[in-house]
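The values are calculated or read from the model by the stated rules, or taken from the named source; none is laboratory data. Here the structure is a predicted model, which means the values were calculated and not measured. Note that each Cβ is placed from the backbone with ideal geometry, even for glycine, and that neighbours are counted across all protein chains shown. Just so you know, the surface numbers come from the protein's heavy atoms only, side chains and all, with ligands and any DNA or RNA stripped out. Shrake-Rupley method; radii C 1.70, N 1.55, O 1.52, S 1.80 Å.
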Amino acid sequence: DSEDSKKIFVGGLSPETNEDGLRLYFGVFGFVTDVTVMMDRGTGRSRGFGFVSFDKAETVDAVIAKRDHVVDGKPVELRRAMPQAVTTPDIAELKVTQIFVGGIAPSTTADSLKAYFSAFGAVVDASVMTDKVTGKPRGFGFVNFSDTDTVDRVVETSMHTIDGSPAEVKKAMPRGVGSNTKVNPMLGAAANPGRVKQIFVGGLALTVTNKDLTDYFTRFGTVVEASVMTDKTTNKSRGFGFVTFDNSRMVDRVLARRDHSLHGKGFEVKAAQQRAGQTRSAVLGAGAGGAWQSQPALQRMGAQGLAQQQLLAQQQLLAQQQLLAQQQLL
């Protein structure tokens, strides 16, 4: 077993958690060979994540299999530590259920990919990309798994042999994240110029709860808080909410992904722009965006002004969708 296969990443740590605390907690699962809590060089404080190494890869399997872990009274997030030679820090931190498979033989089909990768875990679907004009395979494809842990195990080895041909495997990044995808200028960091840690989520199904939001967005990083806005009178969902991460880079990752859905319904995400002395606005519902507005400003705006702002937000959303459609055709 490689050393990387015996190591886990631990995120969302309490500021009080130290290496002794991690060693004590994970020592229950097996022999711990090394523990590191990453510290900020400037302040000397914990950065909220670390790594734990065991003497056996089987211990990592047992730790990951236990889905819920609480260290020093705080739920933490666990992942297999990714080999540095295979990926970058940003990619290693990102939870995905899809892999990119490059350099596959012309004879390899979607069924071939599905059959090969089923040995690692449950495969949802697989596809081989073809040329739009000739219909011939382009030498790469994608495989979707049912969980993120399977992806972590697959990419522990960067090169696989499929149908007798060596193939390169890496995590499939949403557009704007990682080096193997094109950056969408309307999304990612460009859509979060204020480097905020919070997103607006609009157009939610009325059945979506705070927990649903937390569970969904945890794949992008550590969620500090998630809330669905409700009507004060009926206590029913108003179809939008907010999610706060511990880092603005997580917002970039969310915005880099083009399609999001919960409970069978697609929804919209935007960086939540908040200024001093302003409060969240519920007047711009799911379809219109979800900007931050000060209450005095809303009162001065009036019904006609609100209608104009809603129209403007809808036009901006349409322009974004048109740009995305054009990029997909390239």
Taking amide H positions as placed 1.01 Å from N in the peptide plane, with prolines and chain starts having none, which residues 5 or more places from ASP246, or on another chain, fall under 5 Å of its amide H? THR222, VAL224
Could you run the Karplus curve 6.51 cos²θ - 1.76 cosθ + 1.60 with θ = phi - 60° over region 49-63 and give me ³J(HN,Hα) per residue in whole Hz, x for Gly and Pro? 8, x, 9, 10, 10, 10, 7, 9, 5, 4, 5, 4, 4, 5, 5
Globularity ratio of region 195-256, using Cα Rg and 2.2 N^0.38 Å: 1.11
Could you tell me how far the Cα centroid of region 131-158 sits from the Cα centroid of region 45-70, in Å? 27 Å
Exposure of ASP20 as accessible area (Å², to 10), given a probe of 1.4 Å and all protein chains: 110 Å²
Would you please give the residues with an amide H less than 5 Å from that of ASP163, counting only those at least 5 places away or on a separate chain, with H modeled from the backbone geometry? none
Determine ³J(HN,Hα), in whole Hz, for all residues of region 114-126 in sequence, where each value follows from phi through the Karplus function 6.51 cos²θ - 1.76 cosθ + 1.60 and θ = phi - 60°; x replaces Gly and Pro. 5, 5, 5, 7, 5, 5, 8, x, 5, 9, 7, 6, 9
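Strictly over 25 Å apart at the Cα level, which of LYS66/LYS265; LYS56/LYS211; LYS95/LYS197; LYS236/LYS265; LYS66/LYS171; LYS7/LYS171 would you flag in this model?
Check vs 25 Å cut-off fails for LYS66/LYS265; LYS56/LYS211.
So, by mean Cβ neighbours within 10 angstrom, what's the order for 135-147, 241-253 with the highest one leading? Mind dumping the intermediate values first?
Values: 135-147: 16.2, 241-253: 21.6.
Result, highest mean first: 241-253, 135-147.
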Span from the region 227-261 Cα centroid across to the region 9-41 one, whole angstrom: 30 Å
Counting other Cβ atoms within 10 Å of each Cβ, which chymotrypsin sites (Phe, Trp or Tyr not before Pro) in region 1-49 have at most 12 and sit in a DSSP loop? PHE31
With the full set of protein chains in place, find how many percent of the accessible area of region 1-45 is carbon and sulfur; take the probe as 1.4 Å. 49 percent
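Relative contact order, percent, of region 13-71 when contacts are C-alpha pairs under 8 Å separated by at least 6 residues?
Reported as a whole number, the value is 37 percent.
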